[in-house]
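The values are calculated or read from the model by the stated rules, or taken from the named source; none is laboratory data. Everything numeric here is computed off the predicted structure, so don't read it as measured data. Every residue, glycine as well, gets a Cβ built from its backbone with ideal geometry; the counts of neighbours run over all protein chains shown.
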Amino acid sequence: MSKYRYLLALLSILGVVHLGKGFKMNPKPPQLPPLKDQQVLVTGAAGNVGQLVCLRLSKQGYKVRAMVRDLDGFYPRKEEMGNGPIEVVLGDVLDKASLEAHMAGCSSCIACHGASRASALSDWWTRLKNAEKGHPYNVNYIGTMNMLDAAQKAGVKRFVRLTGLSVGLSAFNPFTYLLNLIISMSIKWQYMGERAIREAAERSGLDYTVVRPGALTHEKRPKDACLMLECDGKPTSMWKSQPMYKIGRQDVANLLVAAMAHKRGAKSTLSCSWGKDKKREGPRSWKTLLAAVNADTSPLPRRFYRPAMIVMGTLNLIVGGAVGGKFLTMFG
């Protein structure tokens with residue numbers, strides 16, 4: 001009988017192994033080629049964060065293709081570079097042909113481009129298809145969709161996009177309202193760009209990472225400040241700290257590069273800032289925080305930016321009128 005028991009046990013094990021081969025686990029992020037063979041396209045490479053991203057990639061040994069709209073915009077100094085070469089190329093996120101040409105041969109891309117255009121009164125009646133090239137609709141939304149198309153054609157394995165912490169706020173948040181009012185509905189079009197990324201990922205399985213930093217500063221991180229990272233709206237560390245809602249550009253550049261290469265960064269939306277840390281016990285490394293990152297599970301909530309602008313604007317007029325009337329009665 002003991003012989004039959006051993007035989008049954010062996011058959012059971014073989015059966016489990018066979019079933020295991022047919023069982024499909026959650027798909028893993030596509031494997032990137034060896035570091036020395038990886039080429040990364042960086043858009044917005046002449047910007048403050050874009051330049052730091054290029055230098056960081058170079059120091060880590062990546063081949064960098066830095067896309068700029070003006071060849072005078074970015075000339076990396078040799079003493080700032082690493083072993084990875086930096087190729088500066090002329091292109092525009094609104095030019096599909098140049099995007100496809102520069103995306104070819106790249107294993108990943110980091111999109112640092114963004115619009116910085118002040119609002120104009122004519123924005124309220126100008127059709128978006130007639131908006132100027134520098135309008136956030138074109139740069140933050142159409143440009144991102146063009147990049148997604150080029151990335152999918154080139155077989156890019158990781159798409160990293162830099163947006164902003166305000167994209168995660170309600171359309172009726174006073175801060176969102178103020179930014180949209182001043183900078184041509186920029187938050188709305190960053191949000192629409194993020195939606196396009198999510199939709200592309202659902203269609204094609206593209207691995208993406210969206211990074212939303214707080215207010216950017218050139219300052220170095222203070223000694224009494226730690227790094228804070230949220231994934232899908234949830235903290236990635238048990239360490240509790242009061243957020244400062246700002247972060248240095250160098251720390252953001254480091255996160256963009258680290259998230260691009262980290263296997264847990266796939267299909268994730270990361271919000272980052274500095275946190276107050278007087279005891280100096282909080283996280284100082286993105287690597288530690290990225291180890292706790294998970295893929296997005298919550299869909300992007302719908303945002304009604306235009307109605308929010310009308311409602312908030314009306315409230316401002318009512319409150320402003322009431323305060324002005326009170327002021328006049330006091331001194332009238």
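Some points to look at:
- Qualifying residue in the range 198-220 (condition: among the small types (Gly, Ala, Ser), in contact with a Phe, Trp or Tyr (Cβ under 8 Å, 6 or more places away or on another chain), surrounded by 23 or more Cβ atoms within 10 Å (Cβ to Cβ) and in contact (Cβ under 8 Å) with a residue 40 or more places away in the chain): no
- Taken together, PHE172, PHE159 contain a single residue that is among the aromatic types (Phe, Trp, Tyr), touching a residue at least 24 places away in the same chain (Cβ under 8 Å) and surrounded by fewer than 22 Cβ atoms within 10 Å (Cβ to Cβ), which is PHE172.
- Of the criteria (1) aromatic (Phe, Trp, Tyr); (2) at pLDDT 95 or above; (3) more than 28 Å from ASP123 (Cβ to Cβ), which one TRP239 fails: (2)
- Flag if GLU100 is surrounded by fewer than 20 Cβ atoms within 10 Å (Cβ to Cβ) and over 22 Å from VAL64 (Cβ atoms): no
- Residue in the range 254-264 that is closer than 24 Å to GLU199 by Cβ and small (Gly, Ala, Ser) present: yes
- Residues located in the range 31-44, provided they are surrounded by 15 or more Cβ atoms within 10 Å (Cβ to Cβ) and at pLDDT below 95: LEU32, GLN38
- Failed item in (1) in a helix (DSSP H, G or I); (2) under 20 Å from LYS157 (Cβ atoms); (3) modelled with pLDDT under 60, with CYS54 passing the rest: (3)
- Unique residue being modelled with pLDDT of 95 or more, on the phi > 0 side of the Ramachandran plot and not hydroxyl-bearing (Ser, Thr, Tyr) when the list is GLY61, GLY105: GLY105
- Those strands (runs of 3 or more DSSP E) lying entirely in the range 202-249 with at least 2 residues closer than 22 Å to GLY265 by Cα and in contact with an Asp or Glu (Cβ under 9 Å, 6 or more places away or on another chain): 208-213, 225-231, 246-248
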